[in-house]
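This report refers to the structure that appears directly beneath it.
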Amino acid sequence: MAERIEQRLEDRVPELEQLERVGLFTREEIRAVLKKATALEYKIQRRALRKEDFISYIQYEINLLELIKKRRARTGYSFKKDEIESSIMHRVHSLFKRATGKWKEDVQLWLSHVAFCKQWNAKHQLSKVFSTMLAIHPNKPALWIMAAKWEMETRLSSESARHLFLRALRFHPECPKLYQEYFRMELMNAEKQRKEKKEFEQAKMDLGEFNYSEEILNGEMARIIYRDAAQKIKGVEFHLAILSIAKLFNFTQDLQKEILESLQTEYADNPLMWDYMARRELELGSLKSAEHTTKQMKVSEMTQREERCCAVFEEAVTAVPTEDMWKCYITFCLERCNRKTNSEELKQKRLERTLNVFSNAHDSSLLPEALYKQWLQLLLESSLFEKATEVAEAATKRFSLSVEIWQMRLQVLIQLKSDNVTQCFEEALKRVKSKGALPLWILWVEWSEGTNSKEDTEALYQRSLHATAPAESVTMKEKYLDWAYRNGGYKKVRRVFTSLHENRPFSLDFFRKMIQIEKEQESCKMLNLREYYERALREFGSTDSDLWLDYIKEELSHPQGKPENSGNIHWRAMKVLQGDQVEDFISKYTLLQTGHL
């Protein structure tokens with residue numbers, strides 16, 4: 001091993017000598033590089049190899065290359081690159097090769113090598129890296145796409161890129177992304193050849209020696225890929241993705257027409273197809289010249305475009321009367337409604353249209369639950385309060401078991417300061433199950449705090465404790481305690497705590513809150529604190545080491561505390577705590593004893 005390391009270090013000597021000779025590094029820097037390289041070499045020659053050691057070595061060499069690059073830029077010296085940089089790069093490639101040979105499954109390691117090759121323009125080496133990586137990871141389409149893109153965009157080789165895509169499709173015959181990128185590549189190739197041909201024709205050059213295939217120039221290769229893919233990959237999303245790629249190229253009108261016809265034929269009952277066809281009307285604007293158009297003409301044209309979109313959507317909700325189809329229509333209307341415009345007329349038309357579509361979807365009983373909230377928001381913003389109240393009521397009739405819908409209706413009534421709030425709360429809690437009704441109880445008590453008497457609010461808190469599911473009653477107990485302290489002070493909160501302290505289940509925060517309240521009092525009593533800690537430990541002593549530590553700290557620091565109790569508390573904690581909590585307690589208790597906690 002020592003001989004091998006010695007040999008590898010000797011191999012570095014010529015490049016290091018050159019660095020010193022040309023004045024890029026000083027003798028001291030060369031010694032430092034050699035020392036660091038020796039340490040790194042020993043690490044990667046051990047029997048038990050570690051990936052981190054290879055990564056550190058590679059990173060060091062890359063940093064060295066970057067430093068040399070900066071020094072060259074500063075001094076203006078650009079010679080001897082073969083003897084210096086090429087030697088270091090060869091070593092980096094060698095290190096990557098060993099690392100990826102040892103940890104073949106680590107894709108990130110392969111990608112780091114790819115990135116290095118790209119950064120330092122090592123095209124020949126990168127071809128080899130891609131080839132080896134794809135042989136080991138043929139199951140990752142993204143790697144095939146990366147390799148093909150590089151062949152096409154950097155090496156300008158459409159043949160190599162095509163070959164890679166075809167190989168990839170043998171492994172992944174139903175991968176949408178591969179087909180999409182292959183389709184894009186063929187269109188890019190066609191566009192490139194069309195530009196070349198046009199430039200040659202403009203220069204009046206003889207095209208005899210250049211074989212430009214009309215099929216490739218017209219995007220026929222892409223058409224073949226699309227047709228092949230359409231047989232294997234079903235789903236409107238794929239067709240739309242292919243169409244969006246085709247639209248990026250100005251010579252694909254016939255191809256776009258074919259994809260559109262296929263979409264309309266095969267997916268006539270799919271909301272996404274109709275959504276695309278409707279939104280397409282926005283793009284198919286007027287072909288008139290943009291010059292001499294007034295502001296009013298622009299508004300008029302946009303209104304016409306949007307109306308054409310809506311005409312398609314109206315046809316869609318008749319042909320495909322589903323919630324998803326109405327959702328697409330409403331989403332479009334909301335997007336247009338939210339667009340900024342200086343035209344009040346256009347703004348008003350958009351609002352009226354949106355509210356009308358919401359109403360029609362509701363009348364068809366096909367308005368999705370989630371969209372009622374947006375409808376109500378729009379009505380309230382438009383000061384249509386009576387309509388908002390009607391809609392909220394209708395929503396609770398349709399979704400009578402939905403807590404969210406009842407919550408929404410109640411929020412509308414509260415905002416409008418209605419007299420029917422209490423009645424609506426009662427109706428809501430009759431309809432929905434007790435489990436899950438917590439948001440309604442929280443909303444009710446919070447509303448009551450600002451509206452009703454303290455007696456009514458307290459009665460409501462007490463009622464909520466029995467009406468909610470046990471797990472949800474925990475939250476109401478915390479809120480009740482907090483309300484009691486804010487509205488009745490210390491004596492009141494003590495009474496509430498005493499009335500609840502046997503009423504399980506509890507949260508730790510319930511006890512922590514009471515401990516905090518006691519500590520805020522001028523006459524903070526240790527006797528009370530002990531009671532709260534003991535009750536909290538009865539519920540959470542086995543799972544919370546901090547509770548025991550806080551109890552000990554209280555005994556040690558409180559004027560009425562008994563430091564001698566801390567030993568007994570420690571002994572009890574060690575008996576009761578479970579799992580990792582024991583270790584956590586021991587380490588924190590040690591810090592406490594040494595005064596570091």
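All told, residue 128 falls short of being in contact (Cβ under 8 Å) with a residue 40 or more places away in the chain and open to solvent by 70 Å² or more (accessible area, probe 1.4 Å). Restricting 41, 29 to residues that are in the same structural domain as residue 71 (by the TED database) and under 17 Å from residue 69 (Cα atoms) narrows the list to 29.
The number of residues in the stretch 50-74 that are aromatic (Phe, Trp, Tyr) and exposed (fewer than 12 other Cβ atoms within 10 Å of the Cβ) comes to 0. Of all positions in the stretch 283-303, at least one carries a residue that is more than 25 Å from residue 241 (Cα to Cα), open to solvent by less than 30 Å² (accessible area, probe 1.4 Å) and touching a residue at least 40 places away in the same chain (Cβ under 8 Å). Residues in the stretch 134-183 that are in contact with a Pro (Cβ under 6 Å, 6 or more places away or on another chain) and more than 21 Å from residue 219 (Cα to Cα): 171, 172, 175.
Can you confirm whether the stretch 76-99 contains a residue that is under 30 Å from residue 22 (Cα atoms), in contact with a Gly (Cβ under 8 Å, 6 or more places away or on another chain), of a type outside the set (A, V, I, L, M) and touching a residue at least 12 places away in the same chain (Cβ under 8 Å)? Yes. Only residues that are over 17 Å from residue 536 (Cα atoms) and touching a Phe, Trp or Tyr at 6+ places or on another chain (Cβ under 8 Å) were counted across the stretch 556-584, and they come to 0. Hey, can you tell me all the residues within the stretch 362-406 that are in a loop (DSSP other than H, G, I, E, B) and open to solvent by 20 Å² or more (accessible area, probe 1.4 Å)? Result: 364, 365, 366, 382, 383, 384, 399, 400, 401.
Based on this model, can you work out whether residue 47 counts as charged (D, E, K, R), open to solvent by 60 Å² or more (accessible area, probe 1.4 Å) and either in contact (Cβ under 8 Å) with a residue 60 or more places away in the chain or in a helix (DSSP H, G or I) (or both)? No, not satisfied. A single member of 513, 454, 492, 479 is among the basic types (Lys, Arg), in contact with a Gly (Cβ under 8 Å, 6 or more places away or on another chain) and free of Cβ contacts under 8 Å to residues at least 60 places away in the same chain, and it is 454. Among the helices (runs of 4 or more DSSP H) confined to the stretch 489-558, there are none with at least 3 residues that are among the aromatic types (Phe, Trp, Tyr) and over 19 Å from residue 585 (Cβ atoms).
Looking only at the stretch 341-360, residues that are in a helix (DSSP H, G or I), in contact with a helix residue (DSSP H, G or I) (Cβ under 6 Å, 6 or more places away or on another chain) and hydroxyl-bearing (Ser, Thr, Tyr) come to 1 in all. Going through 196, 237 one at a time, which residue ends up being surrounded by fewer than 16 Cβ atoms within 10 Å (Cβ to Cβ), modelled with pLDDT of 95 or more and either part of a helix (DSSP H, G or I) or under 31 Å from the mean Cα position of the chain (by Cα) (or both)? The unique qualifying residue is 237. Restricting attention to the stretch 240-262 and to residues that are closer than 18 Å to residue 275 by Cβ and not small (Gly, Ala, Ser), the residue that is surrounded by the most Cβ atoms within 10 Å (Cβ to Cβ) turns out to be 242.
The single condition from (1) exposed (fewer than 14 other Cβ atoms within 10 Å of the Cβ); (2) at pLDDT 95 or above that residue 154 fails is (2).
The values are calculated or read from the model by the stated rules, or taken from the named source; none is laboratory data. Fair warning: this is a prediction, and the values are worked out from it, not measured in the lab. When we count neighbours, we look across all protein chains shown, and the Cβ atoms used for this are built from the backbone with ideal geometry, even at glycine. Surface areas here come from the heavy atoms of the whole protein model, side chains and all, with no ligands, DNA or RNA. Shrake-Rupley method; radii C 1.70, N 1.55, O 1.52, S 1.80 Å.
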